[in-house]
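Novice: Submitted below is the structure of interest, expressed as structure tokens.
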Amino acid sequence: MWRELLPVGRYDATGGYRRHAWNAADGECRAWFREQALKRGLTYEVDRNGNQWAWFGDPSAGDAIVTGSHLDSVPDGGAYDGPLGVVSAFAALDALRDRGTAGGGRRRPLAIVNFGDEEGARFGVACVGSRLMAGVLEPGHARSLRDQDGVLLGDAMERAGHDPAAIGRDDERLARIGAYVELHVEQGRNLGDAPVGVASAIWPHGRWRFDFHGEANHAGTTRLEDRRDPMLAYAATVLNAREQARLAGALATFGKISVEPNGTNAIASRVTAWLDSRAADSATLDMLVKEIIHQSGAEVTQESFTPVVEFDRPLRDRLAARLGGVPVLPTGAGHDAGILASAVPTAMLFVRNPTGVSHSPEEYAEETDCLAGVAALAAVLEDLL
């Protein structure tokens, strides 16, 4: 499975992946998921929000155990973030069926899911598929999101063969789920010597758009004292955000920028930049972002926000006990499991990342650790089923 997915959406110039929501590479990934489901004799579905499902057992029975992740990527992202969870889900099901411990007298169905547009790389909002399903993203707002080429999310979905008019909270599907367990490559280096760990919580995090306004002018003839250059305010804001985050023990990152008119010999008229900020608690995050905004002088729009997520404690503790006391640790990265936590019991497993690098072509996990992750996922699924 891993070898089949590796070339899909890979950009040769960087070695990274450009599997963005509803583009051609995303379509290839979705076709791969469908093929994996059908070759195993699973019941395949696409829900009203474009998420893909593969069911072992009766989908309508309720109280299902669901596992999976996503297949899309950030721009020039790595191979593991998302796909490791989906591949491991299919592999764990294979292991359970080989052992004869899935199906038979088991009372709960098992589903594997590929949530759409988890990274938000194309339309700017993360976890679109799970947010829509859980009712924390308004359908009209979702349909109106635009990519950098001006393409509406609704139009992109329609071109890919999905009806954007149908999107929205899916109470019927949520009612089917008894628990959701997501396996993911660790996006840091906190597991140490342990190949697998269990997540305790997700830090609160959000995205803010900063618009800095100025006046376009000639770079070679305009005196420094006559300039209204928004790039200066942007640069000062980046440095201030870094310092404020350091003082708060939090994180603040400007990783995306748009400049108008974007000419080498032109003073910018406008700089639009996006802040990603995260902290261990909501009060710290709120204080940090307010201070960054206050000193920026920019017009600021909050584009998304996810409060702190404490994973279901009984489920989390059950997973940790089943795996023999593996590390239990928080994460600063958002996931579909965090979005669904408000609606159903959720938990996460992490697979060790020896470099700690993620959202990059350098993202990596040892095959032995990946196999340990599959074994761990199979063990907890067997326990929950």
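Novice: Give, to the nearest whole percent, the P(r) tail of the chain beyond 26 angstrom, counting all Cα pairs.
Specialist: 54 percent
Novice: Could I ask something else about it? Can you bin the stretch 104-230 into rounded, prolate or oblate? Criterion: square roots of the alpha carbon gyration tensor eigenvalues sorted a ≥ b ≥ c, rounded for a/c under 1.5, prolate for a/b above b/c, oblate for the rest.
Specialist: oblate
Novice: Follow-up. Pop out the ³J(HN,Hα) list for the stretch 255-268 in order, Karplus 6.51 cos²θ - 1.76 cosθ + 1.60 with θ = phi - 60°, rounded to Hz; leave Gly and Pro as x.
Specialist: After applying 6.51 cos²θ - 1.76 cosθ + 1.60, I find x, 9, 8, 10, 10, 10, x, 6, x, 4, 9, 10, 6, 5 Hz.
Novice: Enter the angle in degrees (range 0 to 90, nearest 10) between the Cα long axis of helix 230-248 and the first principal axis of the Cα atoms of the chain, meaning the one along which they spread out most.
Specialist: The angle comes out at about 50 degrees.
Novice: Sticking with this structure for a sec: Just to confirm, what accessible area per residue do you get for the chain at 1.4 Å probe, in whole Å²?
Specialist: Ligands and nucleic acids excluded, the result is 43 Å² per residue.
Novice: Now for a separate question. Check which residues have an amide H placed less than 5 Å from VAL198's amide H, if you skip close sequence neighbours.
Specialist: VAL328, LEU329, PHE350
Novice: As I understand it, the value is the acute angle between the Cα axis of helix 24-39 and the longest principal axis of the Cα atoms of the chain; what does it come to in degrees, rounded to 10?
Specialist: Roughly 10 degrees between the two axes.
Novice: Which of LEU145, ILE65, VAL86 sits closest to the plus end of the dipole of the stretch 65-168, meaning its Cα is farthest towards the positive end, when Lys and Arg get +1 and Asp and Glu get -1 on the C-beta?
Specialist: ILE65
Novice: Same structure again: On the accessible surface of the chain, probed at 1.4 Å, how many percent belong to carbon and sulfur atoms?
Specialist: 49 percent
Novice: Further question: With Cβ to Cβ distances under 14 Å as the rule, what net charge do the other residues near GLY168 carry (K, R +1; D, E -1)?
Specialist: -1
Novice: What full-extension length gain, to one decimal in nm, is calculated for GLU4 and ALA235 as 0.36 nm per residue of separation minus the Cα-Cα distance?
Specialist: 78.9 nm
Novice: Quick one: which residues, 5+ away or cross-chain, put their amide H under 5 Å from the amide H of GLY116? H built at 1.01 Å from N.
Specialist: ASN51, GLN52, GLY129, SER130
Novice: Let me ask something else about it. Write down the percent of antiparallel bridges among all DSSP beta bridges whose residues are both part of the chain, to the nearest 5.
Specialist: In the chain, DSSP labels about 70 percent of beta bridges as antiparallel.
Novice: Through the Karplus equation 6.51 cos²θ - 1.76 cosθ + 1.60, θ set to phi - 60°, convert the phi angles of the stretch 332-346 into ³J(HN,Hα) values in whole Hz; use x for Gly and Pro.
Specialist: Those phi angles translate into x, 9, x, 8, 4, 4, x, 5, 6, 4, 6, 10, 9, x, 10 Hz.
Novice: Between the stretch 1-45 and the stretch 60-119, what is the C-alpha centre distance in whole Å?
Specialist: 14 Å
The values are calculated or read from the model by the stated rules, or taken from the named source; none is laboratory data. From a predicted model like this one, the values you see are computed outputs, not experimental measurements. Methodologically, a virtual Cβ is constructed for each residue, glycine included, from the backbone with ideal geometry; neighbour enumeration extends over all protein chains shown. Just so you know, the surface numbers come from the protein's heavy atoms only, side chains and all, with ligands and any DNA or RNA stripped out. Shrake-Rupley method; radii C 1.70, N 1.55, O 1.52, S 1.80 Å.
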